[in-house]
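Read-outs: derived from the displayed coordinates by stated rules, not from any lab. The model shown is predicted, which means the values in this text are computed figures rather than measured ones. Positions of Cβ are generated from backbone atoms using ideal geometry, with glycine treated the same way; all protein chains shown enter the neighbour counts.
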Amino acid sequence: MFSLDAFPAGQRGVVASLDLGPDAMRRVAAFGLVPGSRFRLRQIAPFGGPLLLEVGATRFLLRRSLACAIQVRSEA
């Protein structure tokens, strides 16, 4: 398992768990990022910038401070 901020760009994965507060949990859940959901990490911005994620047909940017609290695994 990886934290999302350490996941390789271009790969597909599955969300294992989220260690976020209630407000942050609601924000990421609104984009479909919940335990068990499949995603693709499209790009990682340099110098600590955001991650570009794709969940279903939705693409969004996620701050690294949130990404480090999300545990993921590679999709088999």
**Request:** Sketch the reach of a paramagnetic label on residue 40 as a point 7 Å from Cα along Cα-to-Cβ, and name the residues of the stretch 1-31 whose backbone nitrogen lies under 15 Å away.
**Result:** 8-14
**Request:** Tabulate in residue order the Karplus-calculated ³J(HN,Hα) for the stretch 3-18, using 6.51 cos²θ - 1.76 cosθ + 1.60 with θ = phi - 60°, rounded to whole Hz; enter x for Gly and Pro.
**Result:** 7, 4, 5, 9, 6, x, 5, x, 9, 9, x, 10, 6, 8, 7, 10
**Asked** Most exposed first by the Cβ proxy, i.e. fewest other Cβ within 10 Å, how do 28, 55, 72, 34 rank?
**Response** 34, 55, 28, 72
**Reduced Cα scattering model of the chain, Debye log10 I(q)/I(0), q = 0.11, 0.21, 0.24 Å⁻¹** = -0.21, -0.85, -1.15
**Item:** Derived scalar couplings ³J(HN,Hα) [the stretch 66-73; Karplus, 6.51 cos²θ - 1.76 cosθ + 1.60; whole Hz; x for Gly, Pro]
**Value:** 7, 4, 6, 9, 10, 8, 9, 9
**Asked** If we count other beta carbons within 10 Å of each Cβ, what is the order of 23, 5, fewest first?
**Response** 23, 5
**Residue-span extension gain [residue 29 to residue 3] - 0.36 nm each, minus C-alpha spacing** = 7.7 nm
